[in-house]
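The values are calculated or read from the model by the stated rules, or taken from the named source; none is laboratory data. The structure presented is a predicted model; accordingly, all values stated were derived computationally and were not measured. All Cβ positions, even for glycine, are placed from backbone atoms using ideal geometry, and neighbour counts span all protein chains on display.
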Amino acid sequence: MAIAQSIDKNPAELKDVPGWFPPLDQLLFTWFLERQEKGGFRGDLVELGVYMGKSAILLGQHRQDGEEFTVCDLFGGEAPDGANQAETAKSYSSLTRQAFERNYLSFHDTLPRVLEAPSSVISAEVKPGTCRFVHIDASHLYEHVRDDISAARDLLLPEGIVVLDDFRSEHTPGVSVATWEAVLNRGLRPICLSTQKLYGTWGDPEPVQEELLAMLEERTDIGLSVQDAAGHRLVRTRANKGMQAPPFPHSRHYTPPEPQQPAPPAPSSVPAPRRPRSRARRIGVDLMPPILTRTVRRALANRSR
């Protein structure tokens, strides 16, 4: 389904929301967030760069009572510099705040806190040390990603999770440089890698890695490998063919399909049995002369056809 064709449609399911949020990352988001919740780990949620709201909708499903969910995006507004303005005009010209809010409210009763601004404002808008999960998917330019990573480190609680999008896409080298710079020089510890996102922490990655590996090893729809590089254990994941996204509630626009009615039985091709002739009729025919008998029998046969 082309994104341009679905911008103005009310989504019935999460897969109908335009954006890039594959089933593997939906599973990983859900697993990390549910692990925090089951362990009693509380804290706010932040997303930098929302596009049409696909990942924000999933994050909003995990906001617990007393937690705040904040999203930040330019929504086509004024960028902080010329390079960022050119990036926005090229890749996100169709993005509007109204489209994001419409999609989000299709699945939730209330909006998150929405900041229509550059991601650089997040440190002044969210208190440091208050977040359990931060998703960075805003500018792809090195300087902006570097600053977004710094902001995430300040916002996160110990053992909080940061997710960096497009860390190895061919068209986003600035994200790659900023990400691996943070890993090699700024204390970021990778937990796992998907096809397009790096999941990390500034806390101890080993406990969560062990639990994650135990879960992944039981699945046949996810490819898994583990490598060591520069003193970091890198858990690499990929979706196998046919992997499905985890279940997610339908939107308020969802219409259940009509139940299938059983098809009527096909008409039988076996001809109906002929009614037996009465005994008087048989006797009458047998007593007639042969020529007349044949004539009567022929007439009776034609009538029964």
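Looking only at residues in the range 182-220 that are small (Gly, Ala, Ser) and out of contact with any Pro (no Cβ under 7 Å at 6 or more places or on another chain), the one that is nearest to ALA239 (Cα to Cα) is SER194. Taken as a whole, the condition of being at pLDDT 60 or above, polar (S, T, N, Q) and not assigned by TED's automatic domain parsing to the domain that holds ILE57 does not apply to SER304.
Table: residues versus (1) over 17 Å from GLU34 (Cβ atoms); (2) touching a Ser or Thr at 6+ places or on another chain (Cβ under 9 Å); (3) surrounded by fewer than 15 Cβ atoms within 10 Å (Cβ to Cβ); (4) modelled with pLDDT of 95 or more.
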{"site": "GLY200", "(1), (2), (3), (4)": "yes, yes, no, yes"}
{"site": "PRO207", "(1), (2), (3), (4)": "no, no, yes, yes"}
{"site": "GLU211", "(1), (2), (3), (4)": "no, no, yes, yes"}
{"site": "GLU218", "(1), (2), (3), (4)": "no, no, yes, yes"}
{"site": "ASP228", "(1), (2), (3), (4)": "yes, no, yes, yes"}
{"site": "ARG233", "(1), (2), (3), (4)": "yes, no, no, yes"}
{"site": "ARG236", "(1), (2), (3), (4)": "yes, yes, yes, yes"}
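Pairs meeting the criteria (first residue in the range 226-249 and over 19 Å from MET215 (Cβ atoms) and touching a residue at least 40 places away in the same chain (Cβ under 8 Å), second residue surrounded by 12 or more Cβ atoms within 10 Å (Cβ to Cβ) and aliphatic (A, V, I, L, M), beta carbons under 8 Å, at least 6 apart or on different chains) are ALA230/VAL183; ALA230/LEU184; HIS232/VAL183. Filtering the range 96-124 to residues that are part of a loop (DSSP other than H, G, I, E, B) and either crowded, with 20+ Cβ neighbours inside 10 Å or modelled with pLDDT of 95 or more (or both) leaves SER106, PHE107, HIS108, ASP109, THR110, LEU111, PRO112, ALA117, PRO118.
Conditions (1) of a type in the set (S, T, N, Q); (2) modelled with pLDDT of 95 or more, marked per residue:
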residue: ALA2; (1), (2): no, no
residue: ASN10; (1), (2): yes, no
residue: LYS15; (1), (2): no, yes
residue: PHE21; (1), (2): no, yes
residue: LEU24; (1), (2): no, yes
residue: LEU28; (1), (2): no, yes
residue: TRP31; (1), (2): no, yes
residue: GLY40; (1), (2): no, yes
residue: LEU45; (1), (2): no, yes
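Checking SER194 against (1) out of contact with any Asp or Glu (no Cβ under 8 Å at 6 or more places or on another chain); (2) surrounded by 14 or more Cβ atoms within 10 Å (Cβ to Cβ); (3) of a type in the set (Gly, Ala, Ser): exactly one of these is not met. Which one? Among (1) out of contact with any Asp or Glu (no Cβ under 8 Å at 6 or more places or on another chain); (2) surrounded by 14 or more Cβ atoms within 10 Å (Cβ to Cβ); (3) of a type in the set (Gly, Ala, Ser), the lone unmet condition for SER194 is (1). Residues that are among the β-branched types (Val, Ile, Thr) and at pLDDT 95 or above were ranked within the range 62-95; the one that is surrounded by the most Cβ atoms within 10 Å (Cβ to Cβ) is VAL71. Considering each residue of the range 171-181 in turn, none proves to be more than 11 Å from VAL235 (Cα to Cα), exposed (fewer than 14 other Cβ atoms within 10 Å of the Cβ) and of a type in the set (D, E, K, R).
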